[in-house]
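First up is the structure itself, then whatever we jot down about it.
The values are calculated or read from the model by the stated rules, or taken from the named source; none is laboratory data. Remember, it's a predicted structure, so these values are computed and weren't measured experimentally. When we count neighbours, we look across all protein chains shown, and the Cβ atoms used for this are built from the backbone with ideal geometry, even at glycine. Calculation scope for accessible area: heavy atoms of the full protein, side chains included, ligands and nucleic acids excluded. Shrake-Rupley method; radii C 1.70, N 1.55, O 1.52, S 1.80 Å.
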Amino acid sequence: MTIDWMAEDRRLLDGRRYDQARRPPYAEVGAPAPLSEAEVGEAEAELGITFPAEYREYLLRRSAGGVVNRLCRTAAGWGWQGDSLTNYDLLAVAFPHPDSYLAYEDDLDAREPLEEDFADAGAHREGWNQWDAEYGVFQERKTSGAVFIREGGCGFSTLLVVTGPHRGTMWFDARATCDRILPLELGGRPVSFRDWLGHGSMDLVAW
């Protein structure tokens, strides 16, 4: 079956909440109050996930935001304020370990359409656009089952995995420079949300 990658790319991008990207007014900046059990349960039910225990405890005992993007309810529903990268349509899909897609990524790179392989520029453009859309879908799926919990500047972000075998662990999106999503580690073991709160992401990246 032939996949219309351009249509799939558009469909997946609709899973982002661009209206959530607006930061609160200056007067509201700070650590908001914790959420209630009812609010956390409502958010989980709407998002189709169960928050990792340490993050859930943080929301209930410490703050709805503070050092992380604020979880709040807006006209669009529950989501993370200041975040336009989390794909809500993919939150319930298991986060893939980067090793699981290395072969596919190599194959995709090798299949990039070259102009000399086509009889005319129009055919090349059409082929390349489909390939580029497949690449976009692939990049979007790399962060399935994860929340962009804090933006780090320069295109870097810290991820909290909420679905799949790596649920509860923290990762670093370093694709802006090395095209890789890297695990955060402490003492040779995966970093949990509580571990991460006491450190900077850059200090825990396994480069």
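From the backbone phi of the range 106-120, what are the Karplus-calculated ³J(HN,Hα) couplings (6.51 cos²θ - 1.76 cosθ + 1.60, θ = phi - 60°) in whole Hz, Gly and Pro given as x?
Running phi through 6.51 cos²θ - 1.76 cosθ + 1.60 with θ = phi - 60° gives 4, 5, 5, 4, 5, 8, 4, x, 9, 4, 6, 8, 10, 6, 8 Hz.
How much area per residue is accessible in the chain when the probe is 1.4 Å and only protein heavy atoms are counted (Å²)?
52
Could you check how many percent of all C-alpha pairs in the range 94-144 are farther apart than 16 Å? Show your work: numbers first, answer last.
Details: 597 of 1275 pairs.
For the range 94-144, the share of Cα pairs beyond 16 Å comes to 47 percent.
For every other residue with a beta carbon closer than 13 angstrom to the beta carbon of residue 54, add +1 if it is Lys or Arg and -1 if Asp or Glu, then tell me the sum. Show your work: numbers first, answer last.
Details: positive: 56, 61, 62, 167, 194; negative: 57, 195.
It works out to a net charge of +3.
Residue 205: net charge of surrounding residues, Cβ under 11 Å, Lys/Arg +1, Asp/Glu -1, itself excluded? Walk me through the intermediate numbers first.
Details: positive: 180; negative: 173, 185, 203.
Local net charge: -2.
Using a 1.4 Å probe over the heavy atoms of the protein chains, calculate the carbon and sulfur portion of the accessible area of the chain as a whole percent.
On the chain, the fraction of accessible area on carbon and sulfur atoms equals 52 percent.
Nearest 500 deg cm²/dmol is fine: what mean residue ellipticity at 222 nm does the chain get from its DSSP H runs of n ≥ 4 alone, each adding -39,500 (n - 2.57), divided by its residue count?
Details: 7 runs with 68 residues, N = 207.
It lands at -9500 deg cm²/dmol.
Two decimals is fine: what's Rg over Rh for the chain, C-alpha atoms, Kirkwood radius as Rh?
Rounded to two decimals, Rg over Rh is 1.02.
Per-residue counts of other Cβ atoms within 10 Å, averaged by peptide: what ranking do you get for 32-41, 120-129, highest first?
Working: 32-41: 14.9, 120-129: 12.9.
With the highest mean Cβ count within 10 Å placed first, the list reads 32-41, 120-129.
Amide H of residue 159: which non-local residues (sequence gap of 5 or more, or other chain) have their own amide H closer than 5 Å, using H built in the peptide plane?
149, 171, 172, 173
Below 8 Å between Cα atoms, with a sequence gap of 6+, how large is the relative contact order for the chain in percent?
That works out to 21 percent.
Karplus couplings for the range 59-74 from phi (6.51 cos²θ - 1.76 cosθ + 1.60, θ = phi - 60°), rounded to Hz, Gly and Pro as x?
Karplus-based 3J(HN,Hα) across the range 59-74 equals 4, 7, 10, 10, 6, 7, x, x, 7, 10, 4, 6, 8, 8, 9, 10 Hz.
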